[in-house]
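The block underneath contains the structure these notes are about, expressed in structure tokens.
The values are calculated or read from the model by the stated rules, or taken from the named source; none is laboratory data. Computed from a prediction, not measured in an experiment: that's the story for all the values here. Here the Cβ positions follow ideal geometry from the backbone for every residue, glycine too, while neighbour counts run over all protein chains shown.
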Amino acid sequence: MIYNGIWKNNPALVQLLGLCPLLAVTSTVVNALGLGLATLVVLVGANVAVSLIRNYVTDAVRLPAFVMIIASFVTSIELVMQAYTYELYQILGIFIPLIVTNCAILGRADAFAAKNPVIPSALDGFMMGLGFMAVLLVLGAMRELIGQGTLFSDMQLLLGDMAINWKIEVFADYPDVLFAILPPGAFIGLGLLIALKNSWDEKAKARADKNKGNTEAVDRRVRVTG
């Protein structure tokens, strides 16, 4: 389940779900982390709630009930962000309430949580959310680094005063590359991440097939000589 959520069946790199917020708000690490944490909490909460009521909801109202549950958690996250991270909430804007429409959340609720007990459902939601957040962070770091030459700028918007000095100037006198911060840069960055993952998987599969072939050859020799 851990490997499935983070790598094999990653919501962003494999299922290609939640691309709208993924591409829109990952211009910096803090934006990516804020949206990633919000999505993670909603995924875990929705999976747990759906698992608890799975035996009491009929098929006729299953999907509307799941959407209402997801919307309730998203509204709670909105209120918390308005209270404690208002500036970041304003930056993320409409993409926080749009978590309700994230197919990754509804998909896991319907495909997994509605058929499994609470603890496996919570773990599934956590790992899927962690996989989604990891892609957000990598893409956000890549775009911030290329676009502004910095990392962890404005982290105080999420973590408070303790993160004021977290900003890292990777390149001095760096000319901003606006293209990386705009949506086209997000599309290209995500495409590169998907290509890297596919390449890694193909090489891993080739190594596994080679090792399997070697093992079978050894077994045949053992049977012949034995």
Exactly one of these conditions fails for Q82: (1) under 27 Å from Q156 (Cα atoms); (2) within 18 Å of the chain's Cα centre (by Cα); (3) of a type outside the set (S, T, Y). Give me its number. (2)
Members of the stretch 2-54 that are part of a loop (DSSP other than H, G, I, E, B), among the hydrophobic types (A, V, I, L, M, F, W, C) and either at positive phi or under 12 Å from the mean Cα position of the chain (by Cα) (or both): A12, L13, V14, L16, L17
Taking the stretch 107-132 only, how many residues are farther than 19 Å from V67 by Cα, surrounded by fewer than 24 Cβ atoms within 10 Å (Cβ to Cβ) and in contact (Cβ under 8 Å) with a residue 40 or more places away in the chain? 5
Of L63, L43, L98, the only residue that is surrounded by 20 or more Cβ atoms within 10 Å (Cβ to Cβ) and of a type outside the set (F, W, Y) is L43
What tally of residues in the stretch 6-23 results from selecting those that are touching a helix residue (DSSP H, G or I) at 6+ places or on another chain (Cβ under 6 Å) and farther than 18 Å from V42 by Cα? 2
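Out of D154, D173, which single residue is on the phi > 0 side of the Ramachandran plot, among the acidic types (D, E) and loosely packed, with under 13 Cβ neighbours inside 10 Å?
D173
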The condition of being under 21 Å from the mean Cα position of the chain (by Cα) and either modelled with pLDDT under 95 or assigned to a helix (DSSP H, G or I) (or both) holds, among G129, G147, only for G129
Within the stretch 66-95, which residues are out of contact with any Pro (no Cβ under 9 Å at 6 or more places or on another chain), aliphatic (A, V, I, L, M) and surrounded by 14 or more Cβ atoms within 10 Å (Cβ to Cβ)? V67, I69, I70, I77, M81, L88, I91
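Just name the residue that is nearest to G5 (Cα to Cα) out of those in the stretch 77-88 that are in contact (Cβ under 8 Å) with a residue 12 or more places away in the chain and part of a helix (DSSP H, G or I).
Looking at residues that are in contact (Cβ under 8 Å) with a residue 12 or more places away in the chain and part of a helix (DSSP H, G or I), I get I77.
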For L145, work out the one condition from (1) surrounded by 12 or more Cβ atoms within 10 Å (Cβ to Cβ); (2) over 28 Å from P11 (Cα atoms) it doesn't fulfil. (2)
For the stretch 151-165, the count of residues that are within 12 Å of V29 (Cβ to Cβ) and without any contact (Cβ under 8 Å) to a residue 24 or more places away in the chain equals 2
